[in-house]
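Read the structure below first, then the notes.
The values are calculated or read from the model by the stated rules, or taken from the named source; none is laboratory data. Keep in mind that this is a model prediction, so the values were computed, not measured. Cβ coordinates were reconstructed from backbone atoms using ideal geometry, including for glycine residues, and neighbour counts include every protein chain displayed. Only protein heavy atoms, including side chains, enter the accessible area calculation; ligands, DNA and RNA are left aside. Shrake-Rupley method; radii C 1.70, N 1.55, O 1.52, S 1.80 Å.
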Amino acid sequence: MAEVVIVTRKSGEVYDVVVVGGGTAGLSAALILGRSRRSVLVVDAGEPRNAPAAHMHGYLSRDGMSPAEFLAVGRREVAAYGVELWDDRVTGAERDGAG
Ligand SMILES: Cc1cc2nc3c(=O)[nH]c(=O)nc-3n(C[C@H](O)[C@H](O)[C@H](O)COP(=O)(O)OP(=O)(O)OC[C@H]3O[C@@H](n4cnc5c(N)ncnc54)[C@H](O)[C@@H]3O)c2cc1C
């Protein structure tokens, strides 16, 4: 049977946005949303597609950086805007009565 988790903050409020996936795309979205003062949760299963690569290239100012370090910096940046990060996998989502 699937576990059902209702995503709320410790305060009991629901998040404005839950981002599924904390790779480059998800963290970029979370950064913008966090800067826009939205309450944001990022849930990330920790399996970025470039995990096999030791270094990334062709990304201005980050040439040669390891993908893992790049994501670690991104996680620190979003956390500075109050974005919360969970290391987990989302297995489903559904609309509640209020949408
Ligand atoms: C081998 C390789 C080398 C590369 N080298 C370079 C390079 O040198 N320079 C460059 O600019 N680009 C490079 N790329 C491209 C770059 O990796 C991608 O453009 C980038 O990772 C895409 O980011 P993303 O956030 O869309 O996806 P991803 O990086 O794949 O991140 C998706 C994240 O979402 C998580 N996720 C997925 N489903 C769920 C779920 N249901 N619940 C929770 N979490 C979930 C995954 O675990 C993962 O952490 C490379 C790609 C590969 C494959």
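Taking only Cα atoms and a 10 Å spring cutoff, compute GNM fluctuations for the chain and point out the largest among 27, 71, 41.
Maximum among the listed residues: 71.
Under a 1.4 Å probe, what is the accessible area of the chain per residue, stated in Å²?
75
Between residue 81 and residue 11, what FRET efficiency comes out of the Förster formula 1/(1 + (r/R0)^6) with R0 = 22 Å and r the beta carbon distance, rounded to 0.05?
Efficiency computed from Cβ-Cβ geometry: 0.80.
What is the distance, in nm, between label points placed 7 Å from the Cα along the Cα-to-Cβ direction at residue 47 and at residue 20?
My value for the distance between the label points is 1.4 nm.
At a threshold of 8 angstrom on Cα-Cα distance, excluding pairs fewer than six apart, so keeping six or more, what relative contact order does the chain reach in percent?
28
What's the whole-number percent of alpha carbon pairs in the chain lying beyond 17 angstrom?
Counting every Cα pair in the chain, those more than 17 Å apart make up 56 percent.
If one takes the longest principal axis of the Cα atoms in the chain, at what angle in degrees, from 0 to 90 and to the nearest 10, does the Cα axis of helix 24-35 lie?
For 24-35 against the chain, the angle is about 60 degrees.
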